Amino acid sequence: MAAAADVGQLAGAAAATLLAAVLVAAALGRQRQRRRRGAPVEGIPAPDDGCAVADGAGSAAVDGPTDVIIVGAGVAGSALAYTLGKDGRRVHVIERDLTEPDRIVGELLQPGGYLKLMELGLQDCVDEIDAQRVLGYALFKDGKNTKLSYPLEKFHSDVAGRSFHNGRFIQRMREKAASLPNVQLEQGTVTSLLEENGTVKGVQYKIKSGEELKAYAPLTIVCDGCFSNLRRALCSPKVEVPSCFVGLVLENCELPHANHGHVILANPSPILFYPISSTEVRCLVDVPGQKVPSIASGEMANYLKTVVAPQIPPQIYDSFIAAIDKGSIRTMPNRSMPAAPHPTPGALLMGDAFNMRHPLTGGGMTVALSDIVVLRNLLKPLRNLHDASALCKYLESFYTLRKPVASTINTLAGALYKVFSSSPDKARDEMRQACFDYLSLGGVCSNGPIALLSGLNPRPLSLVAHFFAVAIFGVGRLMLPLPSPKRMWTGARLISGACGIIFPIIKAEGVRQMFFPATVPAYYRAPPEAEF
């Protein structure tokens, strides 16, 4: 009996030891898995669920298989992650650098974009970052100026434009996304898409330690910005660089018109001023072409003082010179790229990786947020996303449904930049003056164009109507008091020049998708059937 008891005790001890070994191995396995999935990073809050995390890689891992991988956590990526996460999707966001960005663009959100921010439940992301309300624009030319206010009478009093430090806004968006338990935010550089038989299955990425990892999901959304290294696999990029922005920050400077963006129709191209905090004003000087004067040699400072400074309003002249002397001058190429997607099973492009326009009108974030609303509405009826080919066919409707907002803002940005830039051509110069005078008329002549620019009226036909109204207005002025052969010839060239400006942009956007989207079959795509 004693022997049998001893054997029983030995067997029990062996079983307990084996169970303990299994539990330890399982715990170590979970710890390794969590290390691979990420941990908190500066500026992103740690998860509150007590989950173990490791060296600076992101937020806590999400339980269960990932539904959507998002490449990039800028404005588009962060807003999309929060939106899909709020709808119950398990989202894995991979961002190259989760520290606060420091950019000289992406600092002005138009009222139309703010309405989309509200629709997505992200309006509090402009709180606590010293964002400034923007109520319209002031336009300056040859010592004259006119104020153009946004038509906000029909909206809630909170609706207006917002200007801010881009990095502060993005960090707020990232915090909002990371606050959801089903959103994982990880720092890593995506090096390639993982494809199998033409279908994207996920991504390969490298973390800070240099380790190469793979992540899989039925849908991968690429929104890694204007420098995207993945867009070539998903679209036909035709990137143009018409000019560069030279950025300065003016401190303790009062603009002539409070709570307004300021556009100076200077020579050779426009200059922008707008507040980005209660004590700072952003200045962006447009320099045509891809080459700018050297900052290191002092050539840039000399250019700003001798060519640019004499053309800016006297109220901000001293602050402008002080900003140059401070030496914090930065440059950034202005890119333009029409959307030319390759519908690819398992993947989608968004944001500046997909579609860019000249940043003169500050419409980029409005387009991105509008696209997110469209995509959210398309994905809502789907229970899962695993039939890649059916999902790809269904999401072709995204490219058509986004067009009214995107094409209006894109076309206006490209056309206005060309009209606002000076030219030795007499007809182009007349068009520029006509545009300034037309907007100065007030009423429908200013409210119509400013509603288009603000994203409050995304109607391409309205854009074309106002654009040619400016051209006809310019021709009419040339015919007064009496037409002459020279004036008639200039008027004819003005109309021809106007056509040469706007029609190539419309062609690149797609005439049918822009003006007659209801005639595109994809417009009517229904969600895939019950298997979803």
* Rounding to the nearest 20 debye, state how big the charge dipole of the range 316-389 is about its Cα centre with +1 on each Lys and Arg Cβ and -1 on each Asp and Glu Cβ. => 180 debye
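Can you give the % of DSSP beta bridges in the chain that are antiparallel, to the nearest 5?
Here the antiparallel bridges make up roughly 70 percent for the chain.
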* Asked: Tell me, what is the 1.4 Å probe accessible area of S243, in Å² to the nearest 10?
  -> 0 Å²
* To do: Determine, for each peptide in 166-178, 303-315, 417-429, the mean count of other beta carbons within 10 angstrom over its residues, then list the peptides with the highest first.
  => 166-178, 417-429, 303-315
* Structure fact -> In Å, the C-alpha Rg and Dmax of the range 353-401 are 13.3, 41
* Structure fact -> Residues meeting the amide H criterion for G202 (H placed from the backbone, H to H distance under 5 Å, 5 or more places apart or on another chain) are L194, A217
* Asked: For the chain, with the dipole built from +1 on Lys and Arg beta-carbon atoms and -1 on Asp and Glu ones, taken about the Cα centre, which of G202, L219, G491 lies farthest toward the positive end?
  -> G491
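Stokes-Einstein diffusion coefficient for the range 182-234 at 25 °C in a medium of 0.890 mPa s, Rh from the Kirkwood formula over Cα pairs: what value in µm²/s? Write out the running numbers ahead of the final one.
Working: Rh = 12.0 Å.
In µm²/s, the coefficient rounds to 205.
In the structure shown, do any of K86/K154; K116/K176; K238/K426; K176/K214; K147/K418 have a Cα-Cα gap over 23 Å, and if so which?
Too far apart for the 23 Å limit: K86/K154; K238/K426; K176/K214.
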* Structure fact -> Hull volume per residue for the range 82-142, using the convex hull of the C-alpha atoms, in Å³ is 141 Å³
* Could you give the alpha-carbon Rg of the chain over 2.2 N^0.38 Å, rounded to two decimals? -> 1.14
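Once you have a ≥ b ≥ c as the square roots of the Cα gyration tensor eigenvalues for the range 125-276, tell me rounded if a/c is under 1.5, and otherwise prolate or oblate according to whether a/b is larger than b/c. Don't skip to the answer; put the middle values down first.
On the way: a/c = 2.55, a/b = 1.87, b/c = 1.37.
Here the range 125-276 falls in the prolate category.
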* **Helix axis angle, 166-178 relative to the chain longest principal axis, alpha carbon, degrees** => 30 degrees
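What is the Å³ per residue value for the convex hull set by the Cα atoms of the range 431-514?
Values: hull volume 7.7 nm³, N = 84.
In the range 431-514, the Cα convex hull volume per residue is 92 Å³.
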* Using all C-alpha to C-alpha distances in the range 231-311, build P(r) with 5 Å bins and read off the rounded percent in each one. => 3, 13, 19, 21, 16, 11, 8, 5, 3, 0
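About its Cα centre, what dipole magnitude does the chain give when the only charges are +1 on Lys and Arg Cβ and -1 on Asp and Glu Cβ, stated in debye to the nearest 20?
Values: 54 positive and 47 negative charges, 331 e Å.
Dipole magnitude for the chain comes out near 1600 debye.
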* Asked: For the chain, what does -39500 (n - 2.57) per DSSP helix run (n ≥ 4), summed and divided by total residues, give at 222 nm, in deg cm²/dmol to the nearest 500?
  -> -12500 deg cm²/dmol
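Does the range 129-206 come out rounded, prolate or oblate, given a ≥ b ≥ c as the square roots of the eigenvalues of its C-alpha gyration tensor, rounded meaning a/c under 1.5 and, failing that, prolate meaning a/b above b/c? Intermediate values should be presented prior to the final figure.
On the way: a/c = 2.89, a/b = 2.20, b/c = 1.31.
Verdict is prolate for the range 129-206.
Once you have the alpha carbon radius of gyration of the range 270-385, what is it after dividing by 2.2 N^0.38 Å, with N set to its residue count? It would help to have the intermediate numbers written out before the result.
Numbers: Rg = 19.9 Å, N = 116, 2.2 N^0.38 = 13.4 Å.
Relative to the rule-of-thumb radius for its length, the range 270-385 sits at 1.49.
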* To do: Run through the DSSP bridge list for the range 66-180 and note the antiparallel percent, rounded to the nearest 5.
  => 75 percent
* Structure fact -> Taking the alpha-carbon centre of each part, the distance from the range 133-180 to the range 355-421 in Å is 20 Å
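Once the cut-off is 19 Å, how many percent of the Cα-Cα pairs in the range 312-467 end up in the long-distance tail? Spell out each step's value before the answer.
Numbers: 7912 of 12090 pairs.
More than 19 Å apart: 65 percent of the Cα pairs in the range 312-467.
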* **Calculated P(r) tail over 18 Å for the range 386-528, as whole % of Cα pairs** => 61 percent
* Structure fact -> Taking Cα atoms only, helix 460-478 is inclined relative to the longest principal axis of the chain by an angle, in degrees rounded to 10, of 20 degrees
* Can you tell me the relative contact order of the chain? Whole percent, Cα pairs under 8 Å, sequence separation 6 or more. => 15 percent
* In terms of the ratio Rg/(2.2 N^0.38 Å) built on C-alpha atoms, what value belongs to the range 280-348? -> 1.62
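The values are calculated or read from the model by the stated rules, or taken from the named source; none is laboratory data. Please read these numbers as outputs of a predicted model, since none were measured by experiment. For neighbour counting, all protein chains shown are included, and Cβ atoms are generated from backbone atoms with ideal geometry for every residue, glycine included. These area figures cover heavy atoms from the full protein model, side chains too; ligands, DNA and RNA do not enter into them. Shrake-Rupley method; radii C 1.70, N 1.55, O 1.52, S 1.80 Å.
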